[in-house]
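Report on the structure given below.
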Amino acid sequence: MTPQEPTRLRTRPAADTIVLSAADAAEAKLTQLHSLLWCISHSTKPWTQDTVKQRMHLVDLAFDLASAAKTLLEESRK
């Protein structure tokens, strides 16, 4: 028996896969950011140690979305 080289699987995207332009992807990120910030600001839970920690995680997620949207907008302007 001889050792075999690992084979690379070559897969194509599914036929229904949608590829967004940088501007469309940025718009999608901004929509997600808007929804996330709405959820944070309209929460009716009282401020406890746990909810503050959860909201800080959501703020971190909002920062990541805003950074991604900024990068995509800069890319779309090139």
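Restricting attention to region 32-47, the residues being among the aliphatic types (A, V, I, L, M) and open to solvent by 80 Å² or more (accessible area, probe 1.4 Å) number 1. Run down 9, 58, 65 and say which single residue is of a type outside the set (Phe, Trp, Tyr) and at pLDDT 90 or above. Exactly one of 9, 58, 65 is of a type outside the set (Phe, Trp, Tyr) and at pLDDT 90 or above, namely 65.
The values are calculated or read from the model by the stated rules, or taken from the named source; none is laboratory data. Keep in mind it's a predicted model, so treat the numbers as computed, not measured. When the accessible area is computed, the model is the full protein with side chains, heavy atoms only, and any ligands, DNA or RNA have been set aside. Shrake-Rupley method; radii C 1.70, N 1.55, O 1.52, S 1.80 Å.
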